[in-house]
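Notes to accompany the following structure.
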Amino acid sequence: MSHQETYTHNEAYAEFLASWDANFYAKYSDTLRPDQKGGRVLDVGCGVGQVVARLTEAGFEAYGVDVSEPSIARAKKFCPRCQVYDGKKLPFDDNFFSSAGALNVLEHVDEPEAFIKEIVRVVSPGGKIVISSPNFMRAVGLRDYHPKMRGLRNKWKNWKRLQEKRGQMRQNPGAVRFDRMTPIVKQPFEPDDDAIIATNGLEIAFFLQQFGCEIEQVSCTDRYVFKPLDLIFNATPLRYLMFSGFVVARKKI
């Protein structure tokens, strides 16, 4: 069984998602909005449908897909355009959407590079892609929730690894891959600890560029924060070492 298939019948995960505050999704949802009113938009890994509901209420033709059957059963109450998919091939034609994205999904997929490429495929030229995941390569931060992020030793290792990856991107870009991690499975179920991909903003942006996109924004904040503080966090390359990787791109025309 693949890691993604562990979510197929996971009722505990669906219940967890249903309890989330909708404000958690606000920045992602608002950034994901197509440029034109009524435009088609896709949320990949839509969970129980909060993002799809927010976009539909704003007047967009929103769709959602997820590997979790219990989650989609809840999402369909918000929007009938939500459906189960296999986690690999999106069930849509090329260039079908004005925008598409994934929030806190990439770290759980079996083939993250192919996952990004598939999202780009279904977006029309000039359309928007928004991908956000935790920064498991963070080297700056306190109260970090995952073992890979915690402690000065791990932070030093993460910083060195990111520098290695920068060099690889310049010298041998075809060999770049996300680092894999061993999932931490707890009882009762807790999300995020079971992540299998060491996601980070640097590599998310790199692969979007490799697959034909121009990067508009890379930030370390995946939700709305006090604006002056947000500007400080994202004013320097330190944004690649903190919090999350929130990346906005455009598919080249």
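The values are calculated or read from the model by the stated rules, or taken from the named source; none is laboratory data. Predicted model only: the values in this text are computed from it and were never measured. We place every Cβ from the backbone using ideal geometry, glycine too, and count neighbours over all the protein chains shown. These accessible areas exclude ligands, DNA and RNA; they are computed on the full protein's heavy atoms, side chains included. Shrake-Rupley method; radii C 1.70, N 1.55, O 1.52, S 1.80 Å.
Loop-located trypsin sites (Lys or Arg not before Pro) across the range 42-141 with a Cβ neighbour count of 10 or fewer within 10 Å are Lys89, with loop assigned by DSSP.
Please report, to two decimal places, log10 I(q)/I(0) for the range 64-168 at q = 0.10 Å⁻¹ as given by the Debye formula with identical point scatterers on the Cα atoms and no solvent. The Cα Debye sum returns log10 ratios of -0.41. Any chance you could check the Cα centroid distance between the range 111-129 and the range 228-253 for me, in angstrom? After rounding, the separation between the Cα centres reads 19 Å.
Panel note: the C-alpha atoms of the chain, placed on their principal axes, show extents of 47, 47, 38 Å (largest first). Heavy-atom surface analysis with a 1.4 Å probe gives the chain a carbon and sulfur content of 53 percent of its accessible area.
Solvent-accessible area per residue in the range 10-113 equals 41 Å², computed with a 1.4 angstrom probe and all protein chains kept. Could you tell me which residue out of Leu208, Ile197, Gln168 lies farthest along the dipole of the chain toward its positive end? Charges go on the beta carbon: Lys and Arg +1, Asp and Glu -1, centred on the Cα centre. Projecting each Cα onto the dipole axis, the largest value belongs to Gln168.
In the range 96-231, the inverse of the mean reciprocal separation of distinct Cα atoms equals 16.1 Å; this is its Kirkwood hydrodynamic radius.
The dipole here belongs to the range 211-253: it is taken about the Cα centre, uses +1 on the Cβ of Lys and Arg and -1 on the Cβ of Asp and Glu, and is about 100 debye.
Which percent of Cα pairs goes in each bin when the distances of the range 201-253 are cut into 5 angstrom slices starting at zero? Bins of 5 Å from zero give 4, 22, 29, 21, 14, 8, 2 percent of pairs. The relative contact order of the range 65-224 comes to 21 percent, based on Cα pairs under 8 Å that sit 6 or more residues apart.
The charge dipole of the chain, taken about the Cα centre with unit charges on the Cβ atoms of Lys, Arg (+1) and Asp, Glu (-1), comes to about 940 debye, rounded to the nearest 20.
With both labels modelled 7 Å from their Cα along Cα-to-Cβ, the Glu11 to Thr182 distance reads 3.1 nm. In summary, the aspartates and glutamates within cross-link reach of Lys155, defined as a Cα separation below 16 angstrom excluding same-chain residues under 8 places away, comprise Asp144, Glu164, Asp179.
With every protein chain in place and a 1.4 angstrom probe, the accessible-area ranking of Tyr85, Tyr224, Tyr145, largest first, reads Tyr224, Tyr145, Tyr85. In percent, rounded to a whole number, the relative contact order of the range 11-128 is 25, using alpha-carbon pairs under 8 Å and six or more apart.
Compared with the alpha-carbon gap, the fully stretched path from Glu216 to Arg166 is longer by 16.1 nm at 0.36 nm per residue. Accessible area per residue for the range 159-225, computed on protein heavy atoms with a 1.4 Å probe, is 52 Å². In terms of overall dimensions, the C-alpha atoms belonging to the range 29-119 reach 34, 27, 22 Å along their principal axes, ordered largest to smallest. Here the Gaussian network model covers the chain, with springs between Cα atoms less than 10 Å apart; of Val185, Val130, Val218, Val185 fluctuates the most. Within the same chain, lysines fewer than 8 places from Lys252 are excluded, and of the rest, those with a Cα less than 22 Å from its Cα are Lys37, Lys89, Lys117, Lys128.
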